[in-house]
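Undergrad: This is the structure I want to talk about, given as structure tokens.
Values in this text are rule-based calculations from the coordinates and carry no lab data. Since the structure is predicted, the reported quantities are computational estimates derived from the model, not experimental observations. We place every Cβ from the backbone using ideal geometry, glycine too, and count neighbours over all the protein chains shown.
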Amino acid sequence: MTQSQTISKIADTFDINTIYARRLFHIANKDNLFDDIAKILEEKPKPFVKWVGGKRQLLKQFRLLNLYPPANFDPKLNKYFEPFVGGGAVFFDLLPEKAELSDLNEELVIAYNVIKNDVDGLIKSLKKHKYEKEYYLKVCAKNPKELSNNVEVASRFIYLNRTGFNGMYRVNSKGGFNVPFGRYNNPIICDEKNLRRVSKSLQKVSINHQDYKEVLKNAKKGDFIYFDPPYYPISKTASFTSYTAESFLENEQTELRNTFAELHKRGCFVMLSNSDTPFINKIYSEIPSAKITKVEAGRTINSKGSKRGKITEVLVTNY
Ligand SMILES: C[S@@+](CC[C@H](N)C(=O)[O-])C[C@H]1O[C@@H](n2cnc3c(N)ncnc32)[C@H](O)[C@@H]1O
């Protein structure tokens, strides 16, 4: 078997992307290749927050469509950018050597940086939390801006994400966190092993609190950019775009489309997810080199049993 055939076999056997499969091929023990890879995979870091719109369940479809990762992206020479990082499902799937992550949610970005720079302090603080409604409400009511340091900001943020309803992040117009207490059986507030793995994976990665457009400052020819913005609503009532206090409607979606086009001109590989709506299809069909592929989302349109149906999303690529 040639090296590239072995790498494809690793990707198929373990259901992982080819970039990561290639990396595993190089680091694993060749005498015991598949067993060793299985061991390394058990220790692979995964997202440390639950995030609405998380892409984990869609990645396999992207991969089987041969759209992810872009075949000609070279992670040794070029960088990966994820400017709407959220829980970072794609970053943790790809685990690229060179990456720049960013998001407009400041507490989320603080959490990434605290995990990167002071995982011990964070673990110590997370261990102090309790899964109790009254305690939850007290933590909820604290203003993150008034906490004494970033370890406490990250600790509060992760605690609320783990114990709040559905891992939602929702703030009111004054920026106060207003997600109800979630009912779980023993939620894991401090996943120490995973936090340490995440910390290791972030050591060479920069994580910034900034608008996605800042990606235009550093992205170069050959870099790979994945955009997973707040989705354009499929109906007027379905609008869920409140990860931050800002909204992301027609104007913002069109500006993002322009950024996509700009990065394409520069020679970057660009991939973007969004809802499958006439508006989104229209704005991306205005870029001649953009390819729009429909993928089945793991979500259903309506929670009422009788009206359940699979909804589609689009994956837009310029390659
Ligand atoms: C759909 S979520 C991303 C989900 C992510 N792919 C995952 O796997 O968890 C969209 C993210 O965009 C962020 N966001 C919203 N407006 C933004 C902006 N103008 N620039 C950068 N990030 C923004 C939100 O804070 C949120 O984390």
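Undergrad: For the chain, give the magnitude of the charge dipole about the Cα centre (Cβ charges: +1 Lys/Arg, -1 Asp/Glu; no others), in debye to the nearest 20.
TA: With only Lys, Arg, Asp and Glu charged at Cβ, the dipole is about 560 debye.
Undergrad: Please enumerate, by chain and number, the lysines with C-alpha under 25 Å from the C-alpha of LYS128, excluding those fewer than 8 residues away in the same chain.
TA: LYS46, LYS50, LYS116, LYS138, LYS142, LYS145, LYS193, LYS200
Undergrad: What does the charge add up to near MET1, with Lys and Arg as +1, Asp and Glu as -1, over the other residues with Cβ less than 14 Å from its Cβ?
TA: Details: positive: LYS9, LYS30; negative: ASP12.
Net charge in that neighbourhood comes out at +1.
Undergrad: Shifting gears a bit: What is the sum of charges around HIS129, taking Lys and Arg as +1, Asp and Glu as -1, for the other residues whose C-beta is under 14 Å from the C-beta of HIS129?
TA: Numbers: positive: LYS124, LYS127, LYS128, LYS130, LYS133, LYS138, LYS142, ARG156, ARG162; negative: GLU132, GLU134, GLU152, ASP191, GLU192.
Every neighbour counted, the sum reads +4.
Undergrad: Sticking with this structure for a sec: Could you pull out every residue, at least 5 positions away or on a different chain, whose amide H is within less than 5 Å of the one on ALA99? Hs are placed 1.01 Å off N in the peptide plane, and Pro or chain starts have none.
TA: Residues meeting the criterion, in which the H sits 1.01 Å from N, are TYR80, SER206.
Undergrad: Spelling out what I want: for every residue of the stretch 221-230, take phi, set θ = phi - 60°, compute 6.51 cos²θ - 1.76 cosθ + 1.60 (Karplus), and round to whole Hz; glycine and proline get x.
TA: After applying 6.51 cos²θ - 1.76 cosθ + 1.60, I find 3, x, 6, 10, 10, 10, 9, 10, x, x Hz.
Undergrad: Right, here's the next one. Under 5 Å between amide hydrogens, which residues at least 5 positions from SER275 or on another chain qualify, with H placed 1.01 Å from N in the peptide plane?
TA: So SER275 has HN proximity to TYR232, VAL314.
Undergrad: Could you tell me which of ASN66, VAL205, VAL49 has its Cα farthest along the dipole of the chain towards the positive end, charges placed at Cβ (Lys, Arg +1; Asp, Glu -1), taken about the Cα centre?
TA: VAL49
Undergrad: Using Cα pairs under 8 angstrom and six or more residues apart, how large is the relative contact order of the chain, in percent? Show your work: numbers first, answer last.
TA: Values: 490 pairs, mean separation 56.5, N = 319.
Here the relative contact order equals 18 percent.
Undergrad: What does the extension gain come out to for ASN281 and ASN29, with contour length at 0.36 nm per residue minus their alpha carbon separation? Don't jump to the answer; show the numbers that get you there.
TA: Details: separation 252, 0.36 × 252 = 90.72 nm, distance 4.63 nm.
Length gained between ASN281 and ASN29: 86.1 nm.
Undergrad: Hey, another quick one. For a quick protection proxy, order the peptides 68-78, 259-269 by their average other-Cβ count within 10 Å, most packed first.
TA: On the way: 68-78: 16.3, 259-269: 18.2.
Listed from highest to lowest mean packing, they are 259-269, 68-78.
Undergrad: A further question on this structure: First measure r as the distance between the Cβ atoms of LYS291 and ASP120, then evaluate 1/(1 + (r/R0)^6) with R0 = 45 Å and state the FRET efficiency to the nearest 0.05. Could you put the intermediate results ahead of the total?
TA: Details: r = 46 Å, r/R0 = 1.01.
That pair, LYS291 with ASP120, gives E of 0.50.
Undergrad: Further question: What GluC sites (Glu not before Pro) does the stretch 14-114 have in DSSP loop regions with at most 11 other beta carbons within 10 Å? Each step should come with its number before you reach the end.
TA: Working: sites: GLU42, GLU43, GLU97, GLU100, GLU106, GLU107; in loops: GLU43, GLU97.
The qualifying sites are GLU43.
Undergrad: Towards the positive end of the charge dipole of the chain, with charges on Cβ (+1 Lys, Arg; -1 Asp, Glu), say which of CYS140, ASN113, VAL153 has the farthest Cα.
TA: The Cα lying farthest towards the positive end belongs to CYS140.
Undergrad: Would you kindly derive the ³J(HN,Hα) couplings of the stretch 47-59 from the backbone phi angles with the Karplus curve 6.51 cos²θ - 1.76 cosθ + 1.60 (θ = phi - 60°), listing them in order in whole Hz, with x for Gly and Pro?
TA: Working through the residues one at a time gives x, 8, 10, 8, 9, 4, x, x, 9, 3, 6, 8, 4 Hz.
Undergrad: Find the relative contact order for the stretch 93-219 and round it to a whole percent, using C-alpha pairs within less than 8 Å whose residues are 6+ positions apart.
TA: Values: 147 pairs, mean separation 52.7, N = 127.
Here the relative contact order equals 41 percent.
Undergrad: As a test of the formula, what do you get for the chain when each DSSP H run with n ≥ 4 contributes -39,500 (n - 2.57) and the sum is divided by the residue count, at 222 nm and rounded to the nearest 500 deg cm²/dmol?
TA: -11500 deg cm²/dmol
Undergrad: Setting aside same-chain residues fewer than 8 positions from LYS217, which lysines have a Cα under 17 Å from its Cα?
TA: By straight Cα distance, LYS217 reaches LYS79, LYS98, LYS265.
Undergrad: Can I ask one more? With the contact rule set at Cα under 8 Å and sequence spacing of 6 or more, what percent relative contact order holds for the stretch 37-160?
TA: Values: 107 pairs, mean separation 28.7, N = 124.
Computed over the stretch 37-160, the figure is 23 percent.
Undergrad: If amide hydrogens are placed 1.01 Å from N in the peptide plane, which non-local residues have theirs closer than 5 Å to the one on GLY164?
TA: Long-range HN contacts for GLY164: GLY182.
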